[in-house]
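This report refers to the structure that appears directly beneath it.
The values are calculated or read from the model by the stated rules, or taken from the named source; none is laboratory data. Quick caveat: nothing in here was measured; it's all calculated off a predicted structure. As a convention, Cβ positions derive from the backbone with ideal geometry for all residues, glycine included, and neighbour counts pool all protein chains shown.
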Ligand code: ADP
Ligand code: MG
């Protein structure tokens, strides 16, 4: 066997490149983070062939002095950690690994100048071999160019995907960094085409700047369909925009989380977000949101992964309960706000002359690797009208005018008409009421004039015996009756008119399924949801105008009434402008 010896620097750098750089987008991330750390105001990125043949990052930051240029590409050399500890970091970088790692697996050139003149310096490295530094004409700031990334590590090269896909990953990387650093201008060009271009008119109003950035990167529809949150809880700050529940997405790609100015990608956080929306979204859809968390540095450990994409929270449980609470209360305050996308869908259904791509088509294309050109397409804003909940009307859902097909209520508002699905809406109301009453322990019950006997499988009888008490807490009072049946004596008042048999059979099924391993809250939601479905006005029932108005007024007062328990909208709105468009008046 060979003797033990310390590895040469070249090999160490290649090994570390394997950790820091898994693909071109991670090189882009490292270079942009360096530019951010150097207080740049504008960062331009040029990429060819998914970053495989060329990546160039140009900034106008502080630059690197002639004396330090060689150190910058030396392993574990950094200007960002003063003698102190690594838990109070104010920079994105600190490991001193990126530049030497990239230099070990590519042809890299760095040109830089830290003065306000043209007397810059440059250094070249090919597969880790440094050439002598030379003077070069370069203004203040830094330009790093990387050619033939991974050409000396063919194994890594093989793992890369198509140029289009790698480009998409780069675009997403820049998008996240640009969202988080909305005071800096970003300009991304992929194969000579603009992929991202942000423009910052300087403003003291941070909220305005962020909103402008959100609109540029995620489209106007994101802003229109989200609610602002701004909460401080002990030493945590939560700011951002939460998409309304009906504005959901097929995956977690549109969940952007930033902690203390860092982009964080963390599956456990995605799970928490999903949990917070659980009540209003079907299991296969995901919320869209942008969340900035700020907390004292000792609450998080950023040094758990070389790419620093992941983060460890000192107390994840504590953070989880905070996020759940804040999300739920903010979504509740948003009340009946439903996604404007439904309106768009409606209009498109109505209009027969549409040669425009639908919003949904565009949206799907956004995440399809073969369609980079469409990435920046924002839907024609004129087609989306904001459901503006800031307006003064005391009755935002308007006055009921009529019912049609015994299923939908049409109401008139100042700005147009609203079509409400009576069953979906009522179901939501009953659900929220049952849940509220249950938690406040004041479910009103009604004694049945004639108790109802229901036959049940004898094997089921055994397992529900212990759960009758639980059922009675929900207002359903029943007893075992003989060997194969139960007798129901009382029901929640709100469910008085429902089909008792069906309700109880459904409820028993749910109870049999209940076991201690399931979270109590989850159970409560499910049981209430089952009961609500039975207690709601069916589609197909005639309603009087008064009843319709009553339903609309209750919706306005009920949290989350913009969608039913299954995440479908309970109503859609058509603005007068939209209707005029349908008739070609506009
Ligand atoms: P780290 O960012 O962890 O310090 P890097 O290898 O990424 O390590 O960079 C090494 C050093 O080079 C940085 O600490 C910084 O001083 C300098 N540097 C790198 N990129 C830039 C840049 N764009 N502008 C100014 N200085 C830079
Ligand atoms: Mg760095």
| note | Residue count, segment 537-555, condition modelled with pLDDT of 75 or more and surrounded by 15 or more Cβ atoms within 10 Å (Cβ to Cβ), comes to 8
| Selection within segment 282-309 - in a loop (DSSP other than H, G, I, E, B), surrounded by 14 or more Cβ atoms within 10 Å (Cβ to Cβ) and touching a strand residue (DSSP E or B) at 6+ places or on another chain (Cβ under 8 Å) | 285, 287, 288, 295, 302, 308, 309
| task | Considering every residue within segment 124-142, establish whether at least one is more than 28 Å from residue 191 (Cα to Cα), assigned to a loop (DSSP other than H, G, I, E, B) and either out of contact with any helix residue (DSSP H, G or I) (no Cβ under 8 Å at 6 or more places or on another chain) or within 16 Å of ligand 2 (Cβ to nearest atom) (or both). | result | yes
| field | Odd one out for residue 183 among (1) outside any helix (DSSP H, G or I); (2) under 17 Å from the mean Cα position of the chain (by Cα); (3) surrounded by fewer than 19 Cβ atoms within 10 Å (Cβ to Cβ) | value | (2)
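Could you tell me which of the residues 119, 113, 137 is farther than 27 Å from residue 310 by Cα and within 12 Å of ligand 1 (Cβ to nearest atom)? Please lay out each step first, then the result.
Working: 119 fails: within 12 Å of ligand 1 (Cβ to nearest atom); 137 fails: within 12 Å of ligand 1 (Cβ to nearest atom).
When all the criteria are applied, what remains is 113.
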| Of the residues 64, 45, 58, 32, which single one is within 29 Å of the chain's Cα centre (by Cα) and within 10 Å of ligand 1 (Cβ to nearest atom)? | 32
| field | Matching residues in segment 192-231 - criterion: being surrounded by fewer than 16 Cβ atoms within 10 Å (Cβ to Cβ) and at positive phi | value | 192
| request: Exactly one condition in (1) modelled with pLDDT under 90; (2) buried (at least 18 other Cβ atoms within 10 Å of the Cβ); (3) at positive phi is not met by residue 248; state its number. | output: (3)
| query | Out of segment 89-109, which residues are surrounded by fewer than 23 Cβ atoms within 10 Å (Cβ to Cβ) and at pLDDT 90 or above? | reply | 107, 109
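For segment 1-120, list the helices (runs of 4 or more DSSP H) that sit wholly inside it and hold at least 2 residues that are within 16 Å of ligand 2 (Cβ to nearest atom), within 23 Å of residue 156 (Cα to Cα) and out of contact with any strand residue (DSSP E or B) (no Cβ under 8 Å at 6 or more places or on another chain); which are they?
Details: elements: 9-20, 24-37, 69-72, 98-104.
Once the helices (runs of 4 or more DSSP H) in segment 1-120 are filtered for at least 2 residues that are within 16 Å of ligand 2 (Cβ to nearest atom), within 23 Å of residue 156 (Cα to Cα) and out of contact with any strand residue (DSSP E or B) (no Cβ under 8 Å at 6 or more places or on another chain), what remains is 9-20, 24-37, 98-104.
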| request: Given the conditions (1) assigned to a strand (DSSP E or B); (2) farther than 23 Å from residue 571 by Cα, report the number of the one that residue 418 does not fulfil. | output: (2)
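For every residue, the table says whether it meets (1) surrounded by fewer than 15 Cβ atoms within 10 Å (Cβ to Cβ); (2) closer than 28 Å to residue 549 by Cβ.
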{"site": "424", "(1), (2)": "no, yes"}
{"site": "437", "(1), (2)": "no, yes"}
{"site": "452", "(1), (2)": "no, no"}
{"site": "458", "(1), (2)": "yes, no"}
{"site": "469", "(1), (2)": "yes, no"}
| residue 228: over 18 Å from residue 170 (Cα atoms) and in a strand (DSSP E or B), yes or no? | yes
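How many of the residues in segment 443-470 are part of a helix (DSSP H, G or I) and out of contact with any strand residue (DSSP E or B) (no Cβ under 9 Å at 6 or more places or on another chain)?
First pass over segment 443-470, keeping only residues part of a helix (DSSP H, G or I): 458-470.
Those still in the list that are out of contact with any strand residue (DSSP E or B) (no Cβ under 9 Å at 6 or more places or on another chain) too: 458-460, 462-463, 466-467, 469-470.
Looking only at that region, the number is 9.
Which of the residues belonging to segment 471-484 are on the phi < 0 side of the Ramachandran plot and either part of a loop (DSSP other than H, G, I, E, B) or exposed (fewer than 15 other Cβ atoms within 10 Å of the Cβ) (or both)? Talk me through it step by step, then tell me what you get.
Going through segment 471-484, the residues on the phi < 0 side of the Ramachandran plot turn out to be 471-474, 476-481, 483-484.
Once the filter is applied, which keeps residues that are on the phi < 0 side of the Ramachandran plot and either part of a loop (DSSP other than H, G, I, E, B) or exposed (fewer than 15 other Cβ atoms within 10 Å of the Cβ) (or both), segment 471-484 yields 473, 474, 476, 479, 483, 484.
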| request: Say whether the condition of being under 21 Å from residue 32 (Cα atoms), touching a helix residue (DSSP H, G or I) at 6+ places or on another chain (Cβ under 7 Å) and crowded, with 17+ Cβ neighbours inside 10 Å is met by at least one residue in segment 310-327. | output: no
